[in-house]
Amino acid sequence: MYHKFAEKIAGEITLSDNPGQTIKKWRDIFEISQQDLARHIRLSPSIISDYESGRRKSPGIGSIKKIVNALIEIDDERGGKVARKYQEVPDDQVIRDIKEFPYGRSAKDFVEAIEGEVLAGKEYLEKELHGYTIIDSLKAIVTFNSPDYIRFYGWSSQRALLFTDVKTGRSPMIAIRAHPLKPGMVVYIRPKHVDKLAKELAEKEEIPLVVTSLSMNTLIKTLRDF
């Protein structure tokens, strides 16, 4: 039932620059302790701690699969709260477009492709993006709870999140600040206004904040060809 969900988590851990920290992020999302996770896969809690802290070499594919399956199995034993919410979110109402890049793409090149203007976090553009998601911000506010935001991240959190129907830019940045997963970039599509707080939050989270004036159709075509 949750096969795609498990693949998504495993993919993000594998692609992460810091797999241990990504494991910790997902463990926190599931609200599972190191002890409970270790007990489920019959490991010492110190091994989980060493993975997450970077003291131990990043786990291989087999170990990542065991960890991810354990997180979902423990959640299922507790009623499947996290996994069920993930499955129930109506993507087609909130996510307008989503794509994974076959390899990392320069954040600077991404900004150039969308004819973007960087409002904050210009110093954080020295990174690669692994995909993008275009989000209807109004529907997301109405439909999504905090755990649902994991749907935005596809196979990797190192992606651009692009928001439509932005009035001041506060709500998307507040939601991002509150969630343990952080995107590689935030883009507002034809915003009415971007206030000071949105820019300050982007700086605090070390996330480039960009605006684009491209139309939705042009933007989607541009990004699909990027």
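Observations, loosely collected:
- Screening ALA140, ALA175, ALA202 for residues that are aliphatic (A, V, I, L, M), modelled with pLDDT of 95 or more and part of a helix (DSSP H, G or I) leaves exactly one candidate, ALA202.
- Residue in region 210-220 that is in contact with a Leu (Cβ under 9 Å, 6 or more places away or on another chain) and within 25 Å of LYS24 (Cβ to Cβ) present: no
- Selected residue (criterion: surrounded by the most Cβ atoms within 10 Å (Cβ to Cβ)) from residues of region 193-226 that are of a type outside the set (A, V, I, L, M, F, W, C) and within 22 Å of HIS130 (Cβ to Cβ): PRO208
- Residue-level check: of (1) more than 29 Å from HIS3 (Cβ to Cβ); (2) in contact with a Ser or Thr (Cβ under 7 Å, 6 or more places away or on another chain); (3) aliphatic (A, V, I, L, M), LEU119 misses just (2).
- Only listed residue being out of contact with any strand residue (DSSP E or B) (no Cβ under 6 Å at 6 or more places or on another chain) and on the phi > 0 side of the Ramachandran plot, chosen from ARG151, ARG190: ARG190
- Residues located in region 205-223, provided they are touching a Lys or Arg at 6+ places or on another chain (Cβ under 9 Å) and in a helix (DSSP H, G or I): GLU205, MET216, ILE220, LEU223
- Failed item in (1) within 14 Å of the chain's Cα centre (by Cα); (2) crowded, with 20+ Cβ neighbours inside 10 Å; (3) of a type in the set (Gly, Ala, Ser), with GLY20 passing the rest: (1)
The values are calculated or read from the model by the stated rules, or taken from the named source; none is laboratory data. As the structure is a computational prediction, the values presented were derived from the model and not from experiment. Because the Cβ atoms are built from the backbone with ideal geometry, glycine has one as well, and the counts that use them run over all protein chains shown.
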